[in-house]
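Inspection log for the structure reproduced underneath, given as C-alpha cells.
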Amino acid sequence: MSAQHGTNPLGSPWPASATLVGGEVRLAGHPITKLADRFGTPSFLLDVDDLLTRARAFKTAFDEEFGRSVGVYYASKAFSSTAVLRWLRDEGLKVDCSTAGELAVALAAGVDPADIGLHGNNKSRAELTWAVEVGVGRIIVDSLAEIDLLDEVAAALGASDVPVMVRLTTGVHAGGHEFIATAHEDQKFGLSVASGAARQAVERIAALPRLHLVGLHSHIGSQILAADGFANAARVVLELRADLQGEGIAVPEVDLGGGYGIAYLPGEQELDPRVAAEELAAAVRAECDRLGTDVPEVSIEPGRAIVGPAMMTVYEVGTIKHVQLDEGSRVYVSVDGGMSDNIRPILYGANYTARLANRSSTAGSMPCRIVGKHCESGDILIPDIDLPQDLRAGDLLVVAATGAYGRSLASNYNQIPRPGVVAVTSSEAREIVRRETIEDLLRLDVG
Ligand SMILES: *Cc1c(COP(=O)(O)O)cnc(C)c1O
C-alpha cells in the first residue's frame, strides 16, 4: 500500500494498492497514465502485494483452522507465469496443473515436482509419461480408462509408487454458471460416488502395485460464495473414505478443490478464506467424529481467489457512438481490446466494473455499454455502466478483478496480439508476460 498522503484506496473490487490521486488511478503509487505510456494498452496490471497477501491469507487461515499444514495448491489455469508461480511457491503454496503446458510453466518456474498436482479429464499418454518421469506429487485420475493407461505408463518407465488421487463426483451442486459447476452427475469430470464408479476406481488402484492411492479429490465448481457447498461435498468424500478404510484401503488425504468466490462488482462480498477455513475444518472434524475415523490430511485448490482481484486491465477509449433506439439511446464506448482479452462476459454472462482512470471529471454520468474492437456484435465487456458524459477518445478505463481467467483465456481473434502482464510493486513495474507483437503472430504462420 502506498503511504502517500492524500490517496484514497479504491476499495473492493479493486486491487488493494489501487488508489486515487487527483482523480487519477494509481497502482502501488504508479500513476496509470505512466503505466499505460510505458507498457501500452490494453495491459493486465498485477498488484504483487495483493497477490501475496491473498496467498498468505489462504495458507494461514487453513493451517490455523485445521491445526496442521494444509496443502494449498494454486490452480494455475486461472493465470500461469513463471514469476507468479515462483512468488506463490515462496509463500508456501503448491501448484495444480491440468496440461503439459501448465506443467512446463510450473517446472520452468522451479516448482518442486513433488509439489505439483496434475489434473485433467483427458490426459494423454505423453502427459502422463512426463508427469511420472519428473515425479509430480499427485496425479488426479478422472476415469477408469486413465487408471489402466497410467499403470501402462508406469510399467513402461519401470516406475513404482506412482501417487494417485481419484477425482470424485459428489453430486453437490454449487457455483455460478452451469459450465463452471463441476460436481453434478451429468458432466465430463470425475467418477461418481453415487453410481459406485468412484469405489470401483479406488479398488482398481489398490489392486495395481505400481500405483499408490494418496487420496480422494472433490472440486465442486467455481465462484462459490457460500462455504456450505464445500462442507457438503466434504461429507460425501469423508463417508466414502470411511467405507474404504473399513475395507482396509488407506486414504491419507482429502483434497476439497477450489472455487472460492471473489467480488467483481462494488458491494459484492468475496468468500473470506478465514470463514471458509473455519466452516470446512468444523465440518471435517464433526464428520470424522461421527464416522469414527481419524482426520485426514487436507488440501485445497484456490485459483480465482488468489489472482483474480489482484489484477485490473487498463484500456484506451476509442470510438464513442451514440445509438438511437426506439426508446432513448445508448452510448457505445469502444476500447482497444475486448473479447480476446476477456471472454468471460460472453462465455458466462460475467459482470465487471470499470472506471475512468486518467483524470477526474465533474461532468454528470451517462449510461454506457463498453465494447471491444472485434468483429462481433456480442463483443461486450460491460453491458450497462455509468461513465462521465465528457468521456472522450484517448481516456483510459480500468476494469477490476480481471486476474483470473482473463489472460489465461485470451485469444488472438481478429489477429489481435494478446496483452502483456505487468507486475507492479511500490518499487518497480515490469512486464512478466510480454505483450505479443504482430511478429509473434506471423512467426507461427509458415506459409
Ligand atoms: C478450476 C479448478 C480449480 C480452481 O478453481 P477456482 O474457481 O479458480 O478457485 C481447482 N481445482 C480444479 C480441479 C479445477 O478444475
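Specify which of the listed residues (68, 56) is over 21 Å from residue 308 (Cα atoms) and open to solvent by 50 Å² or more (accessible area, probe 1.4 Å).
Details: 56 fails: over 21 Å from residue 308 (Cα atoms).
Among 68, 56, only 68 is over 21 Å from residue 308 (Cα atoms) and open to solvent by 50 Å² or more (accessible area, probe 1.4 Å).
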Check: Residues 57, 114: which one is more than 16 Å from the ligand (Cβ to nearest atom) and in the same structural domain as residue 189 (by TED's automatic domain parsing)?
Finding: 114
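Considering segment 296-316 alone, what residues qualify as being open to solvent by 50 Å² or more (accessible area, probe 1.4 Å) and either in the same structural domain as residue 343 (by TED's automatic domain parsing) or free of Cβ contacts under 8 Å to residues at least 24 places away in the same chain (or both)?
Step one: of segment 296-316, the residues open to solvent by 50 Å² or more (accessible area, probe 1.4 Å) are 297, 316.
The one that is open to solvent by 50 Å² or more (accessible area, probe 1.4 Å) and either in the same structural domain as residue 343 (by TED's automatic domain parsing) or free of Cβ contacts under 8 Å to residues at least 24 places away in the same chain (or both): 316.
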Margin query: Cβ contacts < 6 Å: first residue without any contact (Cβ under 8 Å) to a residue 60 or more places away in the chain, restricted to segment 29-47; second residue of a type outside the set (Lys, Arg) and surrounded by fewer than 20 Cβ atoms within 10 Å (Cβ to Cβ), any location; separation 6+ or different chain. Result?
Written below: 31/24
Margin query: If I go through segment 71-85 residue by residue, how many of them are touching a Gly at 6+ places or on another chain (Cβ under 9 Å) and open to solvent by less than 30 Å² (accessible area, probe 1.4 Å)?
Written below: 9
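Looking only at residues in segment 163-190 that are modelled with pLDDT of 95 or more and open to solvent by 10 Å² or more (accessible area, probe 1.4 Å), which one is nearest to the ligand (Cβ to nearest atom)?
We begin by selecting, within segment 163-190, every residue modelled with pLDDT of 95 or more; these are 163-168.
Applying the additional criterion that residues be open to solvent by 10 Å² or more (accessible area, probe 1.4 Å) yields 163, 167.
On the way: 163: 16, 167: 7 Å.
Within segment 163-190, the match that is nearest to the ligand (Cβ to nearest atom) is 167.
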Item checked: Some residue of segment 87-106 being surrounded by fewer than 24 Cβ atoms within 10 Å (Cβ to Cβ), at pLDDT 95 or above and either aromatic (Phe, Trp, Tyr) or assigned by TED's automatic domain parsing to the domain that holds residue 337 (or both) -> yes
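Inspect segment 121-136 for any residue being in contact (Cβ under 8 Å) with a residue 40 or more places away in the chain and more than 16 Å from the ligand (Cβ to nearest atom) and give the result as yes or no. Steps first, please.
Going residue by residue through segment 121-136, those that are in contact (Cβ under 8 Å) with a residue 40 or more places away in the chain are 121.
Filter again for more than 16 Å from the ligand (Cβ to nearest atom), leaving none.
No, segment 121-136 has no match at all.
Do you know which of the residues in segment 365-375 that are open to solvent by 50 Å² or more (accessible area, probe 1.4 Å) and part of a loop (DSSP other than H, G, I, E, B) is nearest to residue 416 (Cα to Cα)?
Restricting attention to segment 365-375, the residues satisfying the condition of being open to solvent by 50 Å² or more (accessible area, probe 1.4 Å) are 365, 367, 373, 375.
With the extra rule that they be part of a loop (DSSP other than H, G, I, E, B), the set shrinks to 373, 375.
Working: 373: 10, 375: 11 Å.
Of everything passing the filter in segment 365-375, 373 is nearest to residue 416 (Cα to Cα).
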Notebook entry, point to check: Out of (1) under 23 Å from residue 320 (Cα atoms); (2) among the basic types (Lys, Arg); (3) not in a loop (DSSP other than H, G, I, E, B), the odd one out for residue 392 is which?
Noted result: (3)
Checklist line | Candidate set from segment 237-254 (those that are among the β-branched types (Val, Ile, Thr) and within 16 Å of the ligand (Cβ to nearest atom)); member that is surrounded by the most Cβ atoms within 10 Å (Cβ to Cβ) | finding: 237
Margin query: Of everything in segment 273-289, what is out of contact with any helix residue (DSSP H, G or I) (no Cβ under 8 Å at 6 or more places or on another chain) and either of a type in the set (Asp, Glu) or within 16 Å of the ligand (Cβ to nearest atom) (or both)? Give them in sequence order.
Written below: 275, 289
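If you check 378, 420, which single one turns out to be surrounded by 16 or more Cβ atoms within 10 Å (Cβ to Cβ) and in contact (Cβ under 8 Å) with a residue 12 or more places away in the chain? Working first, answer last.
Working: 378 fails: surrounded by 16 or more Cβ atoms within 10 Å (Cβ to Cβ).
Being surrounded by 16 or more Cβ atoms within 10 Å (Cβ to Cβ) and in contact (Cβ under 8 Å) with a residue 12 or more places away in the chain holds for just one of 378, 420, which is 420.
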Check: When residues of segment 390-415 are filtered for being within 18 Å of residue 346 (Cα to Cα) and either of a type outside the set (Ser, Thr, Tyr) or open to solvent by 50 Å² or more (accessible area, probe 1.4 Å) (or both), how many remain?
Finding: 13
Next item on the list: Check 336, 395, 326 and return the single one that is free of Cβ contacts under 8 Å to residues at least 60 places away in the same chain and more than 16 Å from the ligand (Cβ to nearest atom).
Entry: 326
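Within segment 290-309, restricting attention to residues that are among the hydrophobic types (A, V, I, L, M, F, W, C) and away from the ligand (no atom under 15 Å from the Cβ), which residue is farthest from the chain's Cα centre (by Cα)?
Only one residue fits best here, namely 291.
The values are calculated or read from the model by the stated rules, or taken from the named source; none is laboratory data. Remember, it's a predicted structure, so these values are computed and weren't measured experimentally. Note that we place each Cβ from the backbone using ideal geometry, even for glycine, and neighbour counts take in every protein chain shown. Just so you know, the surface numbers come from the protein's heavy atoms only, side chains and all, with ligands and any DNA or RNA stripped out. Shrake-Rupley method; radii C 1.70, N 1.55, O 1.52, S 1.80 Å.
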